[in-house]
Amino acid sequence: MDDKEEQKALWQDKLLARKIATALADWFCKNGRLLPWRETTDPYKIWLSEIILQQTRIDQGTAYYFDFLKSFPTIESLAQASEEEVLRLWQGLGYYTRARNLHKAAQKIVHEWRGVFPSSYEKIRTLPGVGDYTAGAIASFAFGLSYPAVDGNLQRVLSRVYASREPIDSTVGKKLYLRLAHQIIEEGDASVLNQALMDIGATVCTPRLPLCDRCPLESFCKVANLPQAVDFPIKKRKVPLKDLYFFFFYLVDGEGKIVLEKRKKKDIWQGLYQLPLIESETPLKQEELREKVERMWGVEVAEHVEGKVLRAKHILSHRRLHLTFYRSSITTLFDESKTPWCEYRLISAEDLEQYPLPAAIFKYLPSFLEE
DNA sequence: ATCCTGGGAT
DNA sequence: ATCCCAGGAT
């Protein structure tokens, strides 16, 4: 008799999923967003858009999407580019691993599949930078395959509709929302249903102010029009902000050239360029900073610590960067052998914009150089 | 399986 | 203050 109960529950789940799917498809016809990468089923374009949009809002990402397609119209052209070219185009988007993986994945497609984008979920999922969400998005949008694409939007919508308190950042929660999404998209066109759920999350079922009266799922949703709707989804972890103290040095030599270094460490801004930098987890007193400068680059630049020019705070997700920029002249380039984790080079100041720089630098550079 | 990290916009 | 996915470390 438990069996019977279970059967009945399963059947009701399916029925609900079917109703939701129908409502979603109807809504999407009239209310789905028209986006450049939705006018194609070219997997390259869809992949590119998904990578760009992973941590980026549409209005910011769109320009990058077109710039990339202009510079790299084909997967081959992207594969043939240098990593630095790719990073330069990515400049300002953040999460630069996405750009490096995009580049690597293009090379993988060229070498392993002769430039033909793989058409099975499993193969797509092996591309660097492509996780469950992105693989599902490409598989369904480009190839019409029935895979869910569960991003933050879907998690929010589903946790609300089902009033699920299962945390989205738990293993159990991730599986649950994957299963719920799967149940729904099975009942129709996966591409349409995935996109409909995303659009509802983005435009109707928003984090702070859900517009339940405009939602096609209103009648199915356990928390529709209730104040507790905004409590979903639940998260278990929140990471405290960590302070970091970054001291940059804008050093000009006798010929007006400046020193630039390329980051090779596997932490933030990997592969990007920066002004010579002293990093610290604690604020540094003038004396300590001078000591570090001497240890790292030699005595000759110690005097630069005196010429403070600009201070700024730059907030990242789990980091609060306290930036200090110094400007000074140098007569000799410092000793590279002491800092194997970066490469130094002398460049002319006008060429600075040719190099991929983190936002924490290029954002403040103009006002810093005005002084 | 779980935790931590990457970076910028709003 | 909060949003966003993937991958590497533990």
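The values are calculated or read from the model by the stated rules, or taken from the named source; none is laboratory data. Because the structure is a prediction, the values reported are computed rather than measured. Don't worry about glycine lacking a Cβ; one is built from the backbone with ideal geometry, like all the others, and counts go over all protein chains shown. We work out accessible area using only protein heavy atoms, side chains counted, and drop any ligands, DNA or RNA first. Shrake-Rupley method; radii C 1.70, N 1.55, O 1.52, S 1.80 Å.
Odds and ends about this structure:
- The stretch A:194-237: trypsin sites (Lys or Arg not before Pro) in DSSP coil with no more than 15 other Cβ atoms inside 10 Å: A:ARG208, A:LYS222, A:LYS235, A:LYS236, A:ARG237
- Extension gain, A:LYS222 back to A:ASP3 (0.36 nm per residue minus Cα-Cα distance, nm): 76.2 nm
- Of all segments of chain A bounded by chymotrypsin sites (Phe, Trp or Tyr not before Pro) found in a DSSP loop with no more than 16 other C-beta atoms within 10 Å, the longest spans A:96-219.
- Sulfur and carbon atoms: percent of accessible area, chain A [1.4 Å]: 51
- Where trypsin sites (Lys or Arg not before Pro) fall in DSSP loop in the stretch A:71-134, at most 10 other Cβ within 10 Å: A:ARG114
- Using the Cβ-Cβ distance between A:LYS235 and A:THR41 with R0 = 22 Å, the FRET efficiency computed as 1/(1 + (r/R0)^6) comes to roughly 0.05.
- Average silhouette area of the stretch A:159-245, convex hull of alpha-carbon atoms, in square nanometres: 7.5
- Scalar couplings 3J(HN,Hα) for the stretch A:255-267, obtained by applying the Karplus form with A = 6.51, B = -1.76, C = 1.60 to θ = phi - 60°, are 9, x, 7, 10, 8, 10, 10, 9, 7, 10, 5, 8, 10 Hz; x denotes Gly and Pro.
- For A:SER329, the residues whose modelled amide H falls within less than 5 Å of its own, excluding neighbours fewer than 5 places apart on the same chain, are A:VAL252.
- For the stretch A:200-316, relative contact order (Cα pairs under 8 Å, six or more residues apart, normalised by length) works out to 16 percent.
- Placed amide H near A:LEU272: partners under 5 Å, 5+ positions off or other chain: A:ARG263
- Kirkwood radius and radius of gyration were both taken over the C-alpha atoms of chain A, and their ratio Rg/Rh is 1.07.
- DSSP beta bridges fully contained in chain A are about 65 percent antiparallel.
- Principal axes of the stretch A:216-288: Cα extent on each, largest first, Å: 72, 30, 21
- The stretch A:109-230, Cα convex hull volume normalised per residue, Å³: 106
- Based on DSSP H segments of at least four residues, each scored -39500 (n - 2.57), chain A has a per-residue ellipticity at 222 nm of -13500 deg cm²/dmol.
- For the stretch A:111-171, the calculated P(r) over all alpha carbon pairs, in 10 Å bins from 0 to the bin holding the longest distance, is 21, 41, 27, 9, 2 percent.
- Stokes-Einstein D in µm²/s, Kirkwood radius over Cα pairs - the stretch A:33-160 at 10 °C with 1.306 mPa s viscosity: 107
- Along the axis of the charge dipole computed for the stretch A:54-195 (Cβ charges of +1 for Lys and Arg, -1 for Asp and Glu, origin at the Cα centre), the listed residues A:LEU180, A:TRP90, A:TYR64 are led at the positive end by A:LEU180.
- Dipole magnitude of chain A, debye to nearest 20 (Cβ charges: Lys/Arg +1, Asp/Glu -1, about Cα centre): 1060
- Converting phi to 3J(HN,Hα) with the Karplus coefficients 6.51, -1.76 and 1.60 and the offset θ = phi - 60°, the stretch A:361-366 yields 9, 5, 5, 9, 4, x Hz in sequence order, with x at every glycine or proline.
- FRET efficiency, 1/(1 + (r/R0)^6) with R0 45 Å, evaluated for A:GLU112 and A:LEU209 via beta carbons: 0.45
- Across chain A, Cα pairs under 8 Å and at least six residues apart give a relative contact order of 16 percent.
- Options A:TYR355, A:PHE143, A:PRO276, ranked by Cα towards positive dipole end of chain A, top entry (Cβ charges): A:PHE143
- Cross-link pairs A:LYS14/A:LYS175; A:LYS45/A:LYS70; A:LYS8/A:LYS236; A:LYS45/A:LYS264 - those with Cα-Cα distance over 21 Å: A:LYS8/A:LYS236; A:LYS45/A:LYS264
- Taking all protein chains into account, the per residue accessible area for chain A stands at 52 Å² (1.4 Å probe).
- Reported to the nearest whole Å, the Cα centre-to-centre distance from the stretch A:1-80 to the stretch A:157-224 is 13.
- Across the stretch A:192-197, rounded Karplus estimates of 3J(HN,Hα) from the backbone phi angles (6.51 cos²θ - 1.76 cosθ + 1.60, θ = phi - 60°) give 5, 5, 4, 5, 4, 4 Hz, Gly and Pro being marked x.
- The tail of the calculated P(r) for the stretch A:57-108, taken as Cα-Cα distances beyond 14 Å, holds 48 percent of the pairs.
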